[in-house]
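A short worksheet on the structure shown next.
The values are calculated or read from the model by the stated rules, or taken from the named source; none is laboratory data. On a predicted model such as this, the values are computed, not experimentally measured, just so you know. Ideal geometry is used to build each Cβ from the backbone, glycine not excepted, and the neighbour counts take in all protein chains shown.
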Amino acid sequence: MRFTAGALVLALLALAAPAYGAGASDEPFAITIELEQAFSPNGDGVQDLVVLNPTINLGLGRVLKSVLVEIYSAFSLHVGTIVWQLAAEQPAARGPIGDLLGIGEEPSVSIPDNLTWDGTYLGSVLAADGESVPDGPYIVQFVVTDDLGRTARTAPITLFVDRVAPELDGVTSDRTVFSPNGDGVGDTVTFTATGSVESRWEARIESDAGELLVSSLVEDARPVPFVWDGRDSAGGLVDDGSYRFVLIGSDPAGNATTSDPLTIVLSSAGGDVALSPAFSAFSPNGDGVNDLVEIGVEVSNASEVVGWRFAVREAASVDS
């Protein structure tokens, strides 16, 4: 039996067509993406980029025809204006016969494994490519199309560019030496600081070598006073010596501020005081003779004294 070319094509098409399109349009087609809430493209190596890797459910046998990634300004002045965009179309076709009969591998658009945005303009009317965008809110959205002509898009996601580090005006303590010996005098030291509301403030007590001994964390707040009783995270009293207090603030974009170390001396040993009056009796009667008595004071560990009090009592009230 003889076939013309046209008859051959029709016969092949009749055999191939049912397998080519059966049930494909009923399969799900969706795209989702999860992003960091904020990032800080300031070149410090911490969250300088935001990763734009979506998850795409194409369905069995389907391929991507096009991908469009757009980042819009959410500023009131330029709201909805594109600041960065990337588009890709199907690179090639299989040819008329290949498309008609489903012969050969269907060309597909590929999305880079590590697609990122570095906080610069690309394809925008607002500024030249490569210039840095200002701090503030932006909207990210993916739009993809498959070989059946179906379109899927992500919900608009708000992303913040934030290069501003947490504010910390200073750290102080109520004493430089304390003695956690349970006598009720100077048993604790309190550190205070003034700073901005941030997602995280960590107060740290460290050894002189930088080893962390104990810490305290507050979230979504300004710095709060930190009281240290001379104990480590396990509840044990640390040895006498010098220690340092450090306060670290951080935000969701990866910006951080660290205070200068504040040194505190822990001395649990009590000091001895010796008084030596110049003479054992005097006569404060205004006659100019022995109206005053000079009392010498000798103190051990004098460099660790942070305050003093002198009192004169009647002999009957002196503690035995």
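A quick yes/no check of all residues on (1) part of a loop (DSSP other than H, G, I, E, B); (2) under 15 Å from Glu202 (Cβ atoms); (3) at pLDDT 95 or above; (4) of a type in the set (A, V, I, L, M):
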site: Val224; (1), (2), (3), (4): yes, yes, yes, yes
site: Val227; (1), (2), (3), (4): no, no, yes, yes
site: Ser280; (1), (2), (3), (4): yes, no, no, no
site: Pro284; (1), (2), (3), (4): yes, no, no, no
site: Val289; (1), (2), (3), (4): yes, no, no, yes
site: Gly296; (1), (2), (3), (4): no, no, no, no
site: Ser303; (1), (2), (3), (4): no, no, no, no
site: Trp308; (1), (2), (3), (4): yes, no, no, no
site: Asp319; (1), (2), (3), (4): yes, no, no, no
key: Of residues in segment 183-239 being in contact with a Gly (Cβ under 7 Å, 6 or more places away or on another chain) and buried (at least 19 other Cβ atoms within 10 Å of the Cβ), the one farthest from Ser173 (Cα to Cα)   = Glu198
key: Subset of segment 131-156 (residues that are surrounded by 14 or more Cβ atoms within 10 Å (Cβ to Cβ) and among the aliphatic types (A, V, I, L, M))   = Val133, Ile139, Val140, Val143, Val144, Leu148, Ala152
message = So Tyr72 passes all but one of these: (1) of a type outside the set (A, V, I, L, M); (2) in a loop (DSSP other than H, G, I, E, B); (3) modelled with pLDDT of 90 or more; (4) surrounded by 18 or more Cβ atoms within 10 Å (Cβ to Cβ). Which condition number does it fail?
response = (2)
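Conditions (1) at pLDDT 95 or above; (2) within 15 Å of Leu52 (Cβ to Cβ); (3) surrounded by 16 or more Cβ atoms within 10 Å (Cβ to Cβ), marked per residue:
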{"position": "Leu77", "(1), (2), (3)": "no, no, no"}
{"position": "Ile103", "(1), (2), (3)": "no, no, no"}
{"position": "Leu126", "(1), (2), (3)": "yes, no, no"}
{"position": "Asp129", "(1), (2), (3)": "yes, no, no"}
{"position": "Thr158", "(1), (2), (3)": "yes, yes, no"}
{"position": "Asp162", "(1), (2), (3)": "yes, no, yes"}
request  = Show the residue pairs that are 6+ apart or on different chains and have beta-carbon atoms under 9 Å apart, the first residue being within segment 27-40 and farther than 18 Å from Pro134 by Cα, the second being among the charged types (D, E, K, R) and assigned to a loop (DSSP other than H, G, I, E, B).
outcome  = Glu27/Arg62; Phe29/Arg62; Phe29/Arg150
